[in-house]
Every structure is written in C-alpha cells, then in structure tokens.
Amino acid sequence: MTLFDKFQPIAEARRALAESGVESINVVMEQVLSPTEAMINGRRTILAGTNNYLGLTFHPDCVESACRALRSEGTGTTGSRAANGNYNGHMALERELADFFKVRSVIVFSTGYVANLGMISTLTGPGDVLLIDADSHASIYDGCRLSGAEIIRFRHNDPDDLNKRLRRLGERASRTVIIVEGIYSMFGDRAPLAEIADIKRRHGAYLLVDEAHSLGVLGEHGRGRAEEAGVESEVDFIIGTFSKSLGAIGGYCASNHPELDLLRYANRAYVFTASPSPSVIASTRSALALLRAHPELRRHLWEQSRRLYARLADLGFQLGPEPSPIIAVRLPAREQALAMWCGLLERGVYVNLVLPPASPDGGSLLRCSVSAGHTPEQIDLIAQAFTDAHPTRALG
Amino acid sequence: MPGYDEILQQVVELIKPIAPPERPVEADTDLVADLEFDSLKVMNLIEQVEDRFDISVPLNILPDIRTVKDFTVQLQGLIERASP
C-alpha cells in the first residue's frame, strides 16, 4: 500500500484512452494563429473549445496595453497585495469593474477558481448553509468543502426544489447562501434567475451568481445573466473570471454589501496568493473597455452560436436544451464520443471531450464553445466536420 | 417519526433497483465495494431519500458513510432534527 495507490483508477483510465488513440487531455497547440485557429498535429485547426467568447485574445488594444505594462512595470508582482502592496492597475481594474457592475466594490483575484474558493470559504463557516445547484463547477464545490458550512445540493435549475429546501431550513435560511451559475459550463443552459431571486428574497437568504460563462455573453450591457434576468439588485455577490470573455486570467467578486472590503482581509485565497501580473491586469482592462464599447461582438457571438446550434440540430445530434455559445453534443456511448472527437481533430476541428464522471449526467459530450471571432464560414466548416465524422461513419 | 428499522427497510427498497441485480443489499453492505456505486449513483440515491423523508442530506456526511447502516444512522439523525 503506497500513497500513490489511490491514483490507479486514473492510470487505468489514461491507459485505456491511450490505447484507443485518444490523447484529449494532452493536445498541444504547436502554434496559436488567432483566437479561433491553431496548428495541432501539424494541421491548421479551427478552435471550437476555448471559451474565448468575444475573441479578444489577439486584439491589438489588449496586446499593446499588456506589452506597455510589461515594459513599464515588469513581469510579475512577486507577492500578494496584502504583503507586497497594490499596483495602480489592480486598483484601477477594481474601480472599472465596480463602475461596470454598478456596485459599491470589487475584489480582484488571481484566477476564477481562486475567486470562488476564496469567497465561498470566507463568507461561510460552521453553522452556515450553502445551497448549491447540483451542476455547479468544481471550484464551487471545493470552496464549499473548505468553508466548513453545511453543503446541500438542489436539483439543477429547479426553483421548486430550491424552495423546498429553503422551507426545510426554516430560520437557518437567513444564514444560507444560494449558489448558481449564469450559464452552466457543460450544457450551456441558463439559470432561471428571476425565479431563484424571488425565492431567495422570500426566504431572506443570500444569492451568489457565478457569471464565468455569461460575462460579456448575456445582458444588454454584457453584465451577465443577472442583468439579462433583471435581478441584479437581488444578487448579493457576483463572481466571475477574466479567462473567458476577457481573454486573460484572473477572477473577481462584485458586491453592493459594504462588508465586501472586510472579506479582503479575511480571505486567505486573496491574502496568500501572488497578485495578478501587470500585463494581465492591463489586457483585462482593455478587454473590459472593448466589451463595454462593442456590443456588436455579443450580437455576432450569438449569431454564430445560433447558426452552429441549428446546423447540429438539423444533423440530428442531441444537444443541450437551448442555443448558447456552449453547445454540447451528447453521444450515447463513450466509444462514439472518442471516435468522433478524433474524427473532428483529423478534419481540423478542436472541441472539448467530456467523459464520465466529468459530465453531469454520466453521458459523454463533445462540447463546443463558439467565439465572436468565428466567421460564418468557420461555423459551417465545424458543422461539416461533424457531418463527416458522424458516429455511424466514424465507427463504420 | 420512523425508527431505525423502518428507515433501513426503506433505504434498502430504494437501493435495490439501482444496485447490481445479483447482489444482496443488507445493513452491512458496502455501497462502493459491494455495490460499485459511483458518485452519480450516490447522488441519485440521496435525491430519492430526500424526497421519501422530506429532508435535505448535507454532502458533509458522505465521508462517514461506507455501508447501508452508516447511511441509515445518518438519515435517522437528520429525520429527528427535521421533526418539529
């Protein structure tokens, strides 16, 4: 018996994947050509699994501001803001995000994962309750585990089930944080946030919304699902990431609660993590400005998303419940998913392969994410690749 | 309020349809080692139990559960706590 015995199931799963010729978690992009193209296995490949929703990773404004910051402020901050001090960029980005979300304050974190981990584990502790959607991201589950609070799941996107569980909690509802996501990362479905906010208000609980996949994607101004559903005033904490629509890395929490700044000092994931590099902050600020100034990016993203969803639906694939920049193709058998993922890559299309137990319902998924950087022609090529790599052909 | 034996009987009733058909389901049955339950099956079982007894089962109890009996004992505590 050794420390490493518990990793044997992973070793076996990896061996099985390697034997089937699929190295989905070891894909190397030999050269990244644009937000939507890279060289993979020596082949020019359309990227349809990046979460680069607004396609800003190569935008000249973002690249130039990052280069300027790199030259003027160096490569890194070499420590946390609590110990090493704040850079002007950290402060400016927090102000700009607070202005964007129309909230009192914002805390910037080094990654989106750390934002969830730090906020959830700091906000709640023993005696409190976390009531989370069953399909929540791993960073939410991990933050919950770290908190010491009681963790209860409610059925995915089911306001009635949420209401029932709050009723069972009785007076403890006032010490309960409901956690949902704006858009869910696997199937691209949206939270029924108006109903959830109403239930939250009636029971006197708190509401935290993770807008990782909905920032820049939903809402008239791109503020996310809470804006789209018209319930921003009911959301106590908005958490998000810079690594998707904003094309960098980092996370944030936005809130109107005056106590948010206190949490900064109690938040171990903030206090004991090196702060984001100046170049990352600079490109994020530029991307946020572009998100605000160019709503047409969002419109283009949705046009391409609807185009791909319709094409794949016409081909008879089983998809997530609604069109979205995340389009999940469900396949009945793991072998079909593996064969089709390889077939797509051979035809120059990269998507995400999601196998059990990572998928929420135990099925196998080919998860596409659409970008405002995709042209209609690229969308058609993706759909054509799905046609040509269809399971019946791939397995035939 | 149901006692231990009644809860056990109902839990066994809920487990049997999702367990491998040839495996016996008793108090000492290990959910993972004997019934090969993965996390998805455990979560499905929890949802059914929650509906049956009108309780919410916190995920925090999962590390303490190996057998059907462990699960039943935890449920008994939750049912008692939920009773007025």
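Values in this text are rule-based calculations from the coordinates and carry no lab data. Model, not experiment: these values are computed from the prediction. Cβ atoms come from the backbone with ideal geometry, glycine included; neighbour counts cover every protein chain shown.
Some notes on this structure:
- Of the numbered criteria (1) buried (at least 19 other Cβ atoms within 10 Å of the Cβ); (2) closer than 18 Å to A:Ser243 by Cα, the one A:Ile46 fails is (2).
One line per residue, one yes/no per condition, for (1) within 14 Å of A:Val177 (Cβ to Cβ); (2) assigned to a helix (DSSP H, G or I):
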| residue | (1), (2) |
| --- | --- |
| A:Gly89 | no, yes |
| A:Glu94 | no, yes |
| A:Asp99 | no, yes |
| A:Ile107 | no, no |
| A:Met119 | yes, yes |
| A:Leu130 | yes, no |
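Table: residues versus (1) in contact with a helix residue (DSSP H, G or I) (Cβ under 6 Å, 6 or more places away or on another chain); (2) surrounded by 22 or more Cβ atoms within 10 Å (Cβ to Cβ); (3) away from chain B (no Cβ under 14 Å).
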site: A:Ala293; (1), (2), (3): no, no, yes
site: A:Leu301; (1), (2), (3): no, yes, yes
site: A:Ala310; (1), (2), (3): no, no, yes
site: A:Gly320; (1), (2), (3): no, no, yes
site: A:Ile326; (1), (2), (3): no, yes, yes
site: A:Ala337; (1), (2), (3): no, yes, yes
site: A:Arg347; (1), (2), (3): yes, no, yes
site: A:Gly363; (1), (2), (3): no, no, no
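- The single residue among B:Glu36, B:Glu26 that is more than 29 Å from A:Ser364 (Cα to Cα) and either within 13 Å of chain A (Cβ to nearest Cβ) or not in a helix (DSSP H, G or I) (or both) turns out to be B:Glu26.
- Unmet criterion (only one of (1) of a type outside the set (A, V, I, L, M); (2) touching a Gly at 6+ places or on another chain (Cβ under 6 Å); (3) closer than 30 Å to A:Gly363 by Cα) for A:Glu227: (3)
- Residue within segment A:103-116 that is small (Gly, Ala, Ser), over 25 Å from A:Ser277 (Cα atoms) and crowded, with 19+ Cβ neighbours inside 10 Å present: no
- Pairs with Cβ under 8 Å, 6+ apart, first in segment B:40-52 and more than 20 Å from A:Ala358 (Cβ to Cβ), second of a type in the set (A, V, I, L, M) and assigned to a helix (DSSP H, G or I): B:Leu45/B:Leu14; B:Leu45/B:Ile15; B:Leu45/B:Ile18; B:Gln48/B:Leu14; B:Val49/B:Val11; B:Val49/B:Leu14; B:Val49/B:Leu75; B:Arg52/B:Leu14
- When each of A:Gly224, A:Gly219 is tested for being more than 21 Å from B:Asn60 (Cβ to Cβ) and touching a residue at least 40 places away in the same chain (Cβ under 8 Å), the lone residue that passes is A:Gly224.
- Restricting segment B:51-69 to residues that are part of a helix (DSSP H, G or I) and more than 11 Å from chain A (Cβ to nearest Cβ) leaves a set whose member that is surrounded by the fewest Cβ atoms within 10 Å (Cβ to Cβ) is B:Asp64.
- Among (1) within 14 Å of chain A (Cβ to nearest Cβ); (2) under 19 Å from A:Lys164 (Cβ atoms), the one test that B:Leu14 misses: (1)
- Pairs are defined by a Cβ separation below 6 Å, a sequence spacing of at least 6 or placement on different chains, a first member in segment A:203-214 that is at positive phi, and a second member that is in a loop (DSSP other than H, G, I, E, B) and crowded, with 23+ Cβ neighbours inside 10 Å; no pair meets this definition.
- Criterion applied to B:Ala82, B:Ala19 was being surrounded by 12 or more Cβ atoms within 10 Å (Cβ to Cβ), within 12 Å of chain A (Cβ to nearest Cβ) and of a type outside the set (S, T, N, Q), and the one residue passing it is B:Ala82.
- If you check A:Gly85, A:Gly42 for being out of contact with any Leu (no Cβ under 9 Å at 6 or more places or on another chain), under 30 Å from A:Leu353 (Cβ atoms), without any contact (Cβ under 8 Å) to a residue 40 or more places away in the chain and among the small types (Gly, Ala, Ser), only one passes: A:Gly42.
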